[in-house]
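Notes follow once the structure below has been shown.
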Amino acid sequence: MDLAQLTYPDVVTLAVPFFVAAILIEMTWIFIANRGGRYEVRDAMTSLAMGVGNVASGTLLGFVAFGFFMWLWRITPLDLGTSWWVIALCFVLDDLRYYWVHRFGHRVRWVWASHVNHHSSQHYNLTTALRQTWTGTFTFMMIVRAPLVLMGFHPAMILFVGGLNLIYQFWIHTEAIGKMPRWVEAVMNTPSHHRVHHGRNPRYLDANYAGVFIIWDRMFGTFVPELEDERPDYGLVHNIGTFNPLRVAFHEWVAIFRDWTQPGVTWRDRFLYAVMPPGWRHDGTGGGSDALKARYVEANPDTAGTPGLEPGRLGSDRRRPL
Amino acid sequence: MPLWLLGTIVVVGLIAVWIASRFYGYDEPLTLDEEAAKREFIADNPGLVPEEVRLAATGQSALIHAGGRLHVLWVMGQDVATHVLDAPQIIPTNSGLVLTLRDFAAPRVKLTLAPEEAATWTALIEDAA
Ligand SMILES: [Zn+2]
Ligand SMILES: [Zn+2]
């Protein structure tokens, strides 16, 4: 088989009718049951507009990543073929790739500038799943997929399993489902685990980066369970005051640019503004998620050591007292 | 899937979600009392404690003194946004005031205020600057 011609169905566009139907069903369920989540018209329309823009930017800029993968494919001597177990293995390894890209997305501001918009809604419903970035290409995170191509997985297969990964993550953006059976919660990413990821409560910050399998968070020490008595408060630590999709898409890139061009910053500072975690400031006045956790524990000492607030997750609060 | 079909499904879907939102009442804005405004402000500004809250008669915006600075809070749908006021431009309008913010995401915020309320707020903001 000529692998240069290998094609798989474009699963994400095929799933669009299902996305629309599921959103209408969730909206109706919340209206009838009067529980299981919240919807707000402008928030939902913004999320959907971000989803449309994500597909459009993928169509316009997708050739950059795909060209890079095809170049790697030409230089690698390895070829794993297309049998079903290779596709399954590719799916699992690409989910590991997703975990790390997502973790960088929260810990490296250059990548956060793209990913932030997925977290810019104060709601958590199926439309939030479609609130996707327009600027992913500029993060250069396609590099993290390079090892997969070099190992002999065909680029078309990698994009196919990546699409399946995205579709899986759609249904977990809901408050209508509580907890799944124990074994599911143990292995898979679920609505409960991903609600934690979208929470801005100090204990829930920088947790549950998983795409499909939650095991990566358990392996790499970033897992935090959803606690019965602490509902996630969704959104950003400091929420953005706009429903305008253009402002949602580009606000953090503009913020980086403004940090770069303020008076008195060195080239080293500019570099660090791009690679340090969100919240870092060159004058030491910033505070990232670990500082927020530390301050929270200081104000609520009885929470020390509870999930998400273990000593290893707390940074030092370098902000001077007001 | 051909582009025309995908485009049609997307447009029909967007319209359907918009109509359903209206029909189910998901377009009703939040109204705050002073306690709720405080709570929302604290949630959005970890580490800051509101010292003084001036809530608009509409319950849709507030001026809040915290950490030695003046902040504005305004309702966005069923949630709120907050921002520190850094010598904003104050633009009077027929329905209240528009304030400029040093923020690409929200460069200006529109506040609905009664005429006498707008005058008091203007004085408070100018005093703080
Ligand atoms: Zn995230
Ligand atoms: Zn999500």
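The values are calculated or read from the model by the stated rules, or taken from the named source; none is laboratory data. Being a predicted model, the structure only gives us computed values, none of them experimental. Positions of Cβ are backbone-derived with ideal geometry, glycine not excepted, and every protein chain shown enters the neighbour counts. The area values use the complete protein model at the heavy-atom level, side chains included, leaving out ligands, DNA and RNA. Shrake-Rupley method; radii C 1.70, N 1.55, O 1.52, S 1.80 Å.
For the reader, a short list of remarks on this structure follows.
- When A:Tyr99 is tested against (1) buried (at least 16 other Cβ atoms within 10 Å of the Cβ); (2) more than 14 Å from chain B (Cβ to nearest Cβ); (3) out of contact with any Phe, Trp or Tyr (no Cβ under 8 Å at 6 or more places or on another chain), exactly one condition is not met: (3).
- Residue within segment A:48-62 that is open to solvent by less than 10 Å² (accessible area, probe 1.4 Å), within 16 Å of ligand 2 (Cβ to nearest atom), within 14 Å of chain B (Cβ to nearest Cβ) and closer than 20 Å to A:Ile256 by Cβ present: yes
- Contacts under 6 angstrom Cβ, first residue in segment A:227-243 being under 13 Å from B:Leu101 (Cβ atoms), partner small (Gly, Ala, Ser) and part of a loop (DSSP other than H, G, I, E, B), 6 or more apart: A:Ile240/A:Ser120; A:Ile240/B:Ala105; A:Gly241/B:Ala106; A:Thr242/B:Ala105; A:Thr242/B:Ala106
- So B:Ala20, is it open to solvent by less than 20 Å² (accessible area, probe 1.4 Å), in a helix (DSSP H, G or I) and away from chain A (no Cβ under 14 Å): no
- Scan of segment A:157-170 for residues that are within 11 Å of ligand 2 (Cβ to nearest atom) and open to solvent by 20 Å² or more (accessible area, probe 1.4 Å), ordered by number: A:Leu166
- Long-range neighbours under 7 Å by Cβ, at least six apart or interchain, first residue modelled with pLDDT of 95 or more within segment A:27-44, second surrounded by fewer than 15 Cβ atoms within 10 Å (Cβ to Cβ) and in a helix (DSSP H, G or I): A:Val41/B:Arg22
- Residue match in segment A:181-198 (condition: more than 16 Å from ligand 1 (Cβ to nearest atom), open to solvent by 20 Å² or more (accessible area, probe 1.4 Å), part of a loop (DSSP other than H, G, I, E, B) and among the aliphatic types (A, V, I, L, M)): no
- Which numbered condition B:Thr31 fails, given (1) within 13 Å of another protein chain (Cβ to nearest Cβ); (2) surrounded by fewer than 16 Cβ atoms within 10 Å (Cβ to Cβ); (3) of a type outside the set (Asp, Glu): (1)
- Any chance A:Glu26 is open to solvent by less than 50 Å² (accessible area, probe 1.4 Å) and in contact with a His (Cβ under 8 Å, 6 or more places away or on another chain): no
- Total residues in segment A:247-300 satisfying the condition of being modelled with pLDDT of 95 or more, open to solvent by 70 Å² or more (accessible area, probe 1.4 Å) and in a helix (DSSP H, G or I): the figure is 7.
- When A:Phe243 is tested against (1) away from ligand 2 (no atom under 16 Å from the Cβ); (2) in a helix (DSSP H, G or I), exactly one condition is not met: (2).
- Taking the numbered list (1) open to solvent by less than 10 Å² (accessible area, probe 1.4 Å); (2) more than 16 Å from ligand 2 (Cβ to nearest atom); (3) not in a loop (DSSP other than H, G, I, E, B) in turn, A:Gly152 passes all entries but (3).
- In segment A:171-211, the residues that are in contact (Cβ under 8 Å) with a residue 12 or more places away in the chain, more than 10 Å from ligand 2 (Cβ to nearest atom) and of a type in the set (Val, Ile, Thr): A:Thr174, A:Ile177, A:Val187, A:Thr190, A:Val196
- Where A:Met70 falls short, out of the listed (1) away from every other protein chain (no Cβ under 12 Å); (2) exposed (fewer than 15 other Cβ atoms within 10 Å of the Cβ); (3) more than 30 Å from A:Ile215 (Cα to Cα): (2)
- Taking segment A:102-136 as the range and being in contact with an Asp or Glu (Cβ under 7 Å, 6 or more places away or on another chain) and either within 14 Å of chain B (Cβ to nearest Cβ) or at positive phi (or both) as the test, the residues that pass are A:Ala113, A:Val116, A:Ser121, A:Gln122, A:His123, A:Tyr124, A:Asn125, A:Leu126.
Each row is one residue, and each column tells you yes or no for (1) more than 14 Å from chain A (Cβ to nearest Cβ); (2) within 20 Å of A:Arg42 (Cα to Cα); (3) surrounded by fewer than 20 Cβ atoms within 10 Å (Cβ to Cβ).
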{"residue": "B:Val49", "(1), (2), (3)": "no, no, yes"}
{"residue": "B:Arg54", "(1), (2), (3)": "yes, no, yes"}
{"residue": "B:Ser61", "(1), (2), (3)": "no, yes, no"}
{"residue": "B:Arg69", "(1), (2), (3)": "no, no, yes"}
{"residue": "B:Val75", "(1), (2), (3)": "no, yes, no"}
{"residue": "B:Gln78", "(1), (2), (3)": "no, yes, yes"}
{"residue": "B:Leu85", "(1), (2), (3)": "no, no, no"}
{"residue": "B:Ile91", "(1), (2), (3)": "yes, no, yes"}
